[in-house]
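The values are calculated or read from the model by the stated rules, or taken from the named source; none is laboratory data. Just so it is clear, the model here is predicted, and its values are computed rather than measured. Don't worry about glycine lacking a Cβ; one is built from the backbone with ideal geometry, like all the others, and counts go over all protein chains shown. All accessible areas refer to the heavy atoms of the entire protein, side chains included, with ligands and DNA or RNA removed. Shrake-Rupley method; radii C 1.70, N 1.55, O 1.52, S 1.80 Å.
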Amino acid sequence: MRFRRNAPLDTGQVTDLRGSRMGGRGGAAIGGGGLGLIGLVIWLLISLLSNGGGLGQLAPLDQATVGQGGQNGQVASPRDLSDCKTGQDANEREDCRIVAVVNSVQAFWNTVFVNSKHKYENVDTVFFTDQANTGCGLADSQVGPFYCPVDDLVYIDLGFFDDLKSRFGVKVTPFVEAYVIAHEYGHHVQDQLGVLDQIRGDQQGPESKAVRSELQADCYAGVWAAHATETGLIEQLTQEDVNSGLDAAAAIGDDRIQRETQGQVNPETWTHGSSEQRRRWFARGYDTGRPAECNTFAGSV
């Protein structure tokens with residue numbers, strides 16, 4: 001994946017909290033998520049929507065951290081995002097690349113919404129290290145990337161990609177990073193369309209609404225990829241890039257993760273879908289390029 005060298009980047013769509021002190025409370029993962037580093041999650045959202053908007057079986061996140069916590073939130077200061085000015089910077093730096101992807105994804109969905117006579121609301125992506133105070137509570141990097149519907153923000157510790165490679169054997173290409181971001185913005189699209197309200201307490205199981213929501217976000221990521229070069233920021237997207245995204249989608253399927261971490265597969269506890277499902281729905285979005293083809297809530301997934 002290559003960005004247009006002179007394409008301007010809008011860093012106003014990213015809030016950089018890396019290097020700031022975010023608090024150092026430790027604690028174990030809350031409730032029945034058990035997701036650890038399996039990112040691309042919105043279980044924080046699911047906990048808030050359970051039982052008609054209550055917190056269901058999960059404790060409020062402002063009373064405990066998610067994951068293991070960091071070293072009191074003290075990290076080295078990163079390079080300034082103000083240096084991310086053009087697509088050439090995105091070709092050279094990971095954080096600038098994420099800025100470019102955020103710009104591209106939101107430009108695409110803005111066009112889709114305008115063509116449907118709706119208004120797309122831009123939301124920021126927040127870079128953080130170790131921990132972040134969010135509208136969904138205090139979360140740490142063990143959660144992985146997520147979308148919080150309370151404050152309408154996407155959160156990511158960029159160290160997640162190192163963990164994705166080391167713990168799950170994913171070959172992290174620039175497009176894999178883009179897939180992760182596009183997936184999270186898929187949840188924001190769902191939020192604006194009222195889809196997330198359908199989840200409520202249906203949080204687990206191979207046909208659950210939680211799984212259907214995740215697979216739809218995978219499909220939306222594929223739809224964006226099909227149109228990525230039309231947004232003016234991405235110059236080239238190769239089949240090799242797309243294949244790396246497909247491989248990443250398969251690598252983080254519930255069945256594979258359960259098999260590797262628990263030694264057995266229990267579909268009744270799935271929250272994101274199988275490897276085959278995640279790969280298939282991403283491919284469907286990419287092959288058709290049509291959001292309407294991402295209706296995972298109809299029929300069998």
Per residue, how much accessible area does the range 175-273 have with a 1.4 Å probe, in Å²? 33
Please list, ordered by chain and number, the residues whose modelled amide H lies under 5 Å from the amide H of G137; skip anything fewer than 5 residues away on the same chain. none
Return the distance in nm (one decimal) between the two label points of a simple spin-label model at N243 and N115, each offset 7 Å from Cα along Cα→Cβ. 2.9
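Quick one: ranking K117, K209, K171 by accessible area, 1.4 Å probe, largest first, what do you get? List each step's numbers first, then the result.
Working: K117 185, K209 80, K171 145 Å².
If we order K117, K209, K171 from most to least accessible, we get K117, K171, K209.
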Row for the range 144-301, column shape: gyration tensor on C-alpha, a ≥ b ≥ c, rounded if a/c < 1.5 i.e. under 1.5, prolate if a/b over b/c, else oblate; value rounded
Which of the lysines could a cross-linker bridge to K165, judged by Cα under 18 Å and excluding same-chain residues fewer than eight apart? none
When we measure straight from the Cα of K119, which aspartates and glutamates land under 16 angstrom away, once same-chain ones fewer than 8 places off are left out? D152, D191
How much of T173 can a 1.4 Å solvent probe reach, expressed as accessible area in Å² and rounded to 10? 20
How would S116, S275 rank on accessible area, largest to smallest, probe 1.4 Å? S116, S275
I'd like the FRET efficiency for N295 and E268, computed as 1/(1 + (r/R0)^6) with the beta carbon distance as r and R0 of 30 Å, rounded to 0.05. 0.80
Going by amide H atoms built from the backbone, whose H comes under 5 Å of the H on T15, apart from near neighbours? T125, V126, F127
Whole-Å distance linking the alpha carbon centroid of the range 259-276 with that of the range 148-163 is 23
